[in-house]
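Visitor: Below you'll find the structure I mean.
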Amino acid sequence: MSDIQVRFATQKDAADVAQLHLIATMTLYEGQVPLEHWAATPMPKRVSYWKEAIEFGEPQVMVAVEDGEIVGMVGYDRSRDPKTPNTTGEIWALYVDPDRIGQGIGLALWDAAREGLVDEGCTQVTVWLPLRNERTLRFHDLAGFKREMNTARTVPMGEARVEEVRLTRALD
């Protein structure tokens, strides 16, 4: 495996992050969300979202880079869920180029996000994941996350509805 470096995203990375996010989410929700849903948001709007996130650190965005190319990204910050303690962090997004899954990129991103959350004083972390993506659930299970009972929710994505569940783990 070649050298993967994880670093904080810069404004110059926003377009690449937006493109990777789109491709990876389309793959993640394949068979659940129609292609028309992804076309509804133009790329300039996607880039704008990531530029703002990178500028204001909400979420904090890190990228995995190999040979000058962004091959993965993670966004993390405090939990957005109501009534969670201030010491609870959340992985808002963790995506790897679909052609690069299984090469350790996701683990490198998770390690960087975990370190960042610990530095912020978080003692636990949560993530919301689609129930119908076994590969994503398995990755998080192997990373020590446990499914929280009674947290299933239905999230509208255009005309589609996606079932999600929250997972949590201690940060030690």
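The values are calculated or read from the model by the stated rules, or taken from the named source; none is laboratory data. All values reported here derive from a predicted model rather than from experimental measurement. Methodologically, a virtual Cβ is constructed for each residue, glycine included, from the backbone with ideal geometry; neighbour enumeration extends over all protein chains shown. The area values use the complete protein model at the heavy-atom level, side chains included, leaving out ligands, DNA and RNA. Shrake-Rupley method; radii C 1.70, N 1.55, O 1.52, S 1.80 Å.
Visitor: Given labels modelled 7 Å from the Cα in the Cβ direction, how far is it in nm from T10 to T87?
Guide: Here the answer is 3.7 nm between the modelled labels.
Visitor: What are the ³J(HN,Hα) values, in whole Hz, obtained from phi via the Karplus relation 6.51 cos²θ - 1.76 cosθ + 1.60 with θ = phi - 60°, for each residue of region 75-82 in sequence order, with x given for Gly and Pro?
Guide: x, 8, 5, 5, 4, 8, 6, x
Visitor: How much accessible area per residue does the chain have, in Å², with a 1.4 Å probe?
Guide: Per residue, the chain has an accessible area of 55 Å².
Visitor: List the aspartates and glutamates whose alpha-carbon lies under 20 Å from that of K146, not counting same-chain residues fewer than 8 positions away?
Guide: Partners found: D77, D81, E90, D111, E115, E134, E163, E164, D172.
Visitor: Can you give the % of DSSP beta bridges in the chain that are antiparallel, to the nearest 5?
Guide: Antiparallel: roughly 90 percent of the beta bridges in the chain.
Visitor: Accessible area of region 26-149 with a 1.4 Å probe: how many percent of it is carbon plus sulfur?
Guide: 51 percent
Visitor: What residue among V61, V74, V47 has the largest mean-square fluctuation in a Gaussian network model of the chain, using Cα springs under 10 Å?
Guide: Sorting by GNM fluctuation, first place goes to V47.
Visitor: Then there is this: With the crude spin-label approximation of a point 7 Å out along Cα→Cβ, what separation in nm comes out for I23 versus R161?
Guide: 3.3 nm
Visitor: Candidates [x] 15.7, 50; [y] 15.4, 43; [z] 15.9, 53; which is the computed Rg and Dmax of the Cα atoms in Å?
Guide: It is the value labelled [y].
Visitor: Additional query: Counting other Cβ atoms within 10 Å of each Cβ, which GluC sites (Glu not before Pro) in region 1-73 have at most 16 and sit in a DSSP loop?
Guide: Qualifying residues, ordered by number: E30.
Visitor: Distance in nm between label sites at F56 and L142, each 7 Å beyond Cα in the beta-carbon direction?
Guide: Here the answer is 3.6 nm between the modelled labels.
Visitor: For L171, what residues show an amide H to amide H distance below 5 Å, using hydrogens built from the backbone and excluding near sequence neighbours?
Guide: Q124, V125
Visitor: Which order do the peptides 85-95, 129-139 take when ranked by the mean count of other beta-carbon atoms within 10 Å per residue, highest first?
Guide: 85-95, 129-139
Visitor: In a shell of Cβ-Cβ distance under 11 Å around D97, excluding D97 itself, what net charge do Lys and Arg (+1) and Asp and Glu (-1) give?
Guide: Local charge sum for D97: -3.
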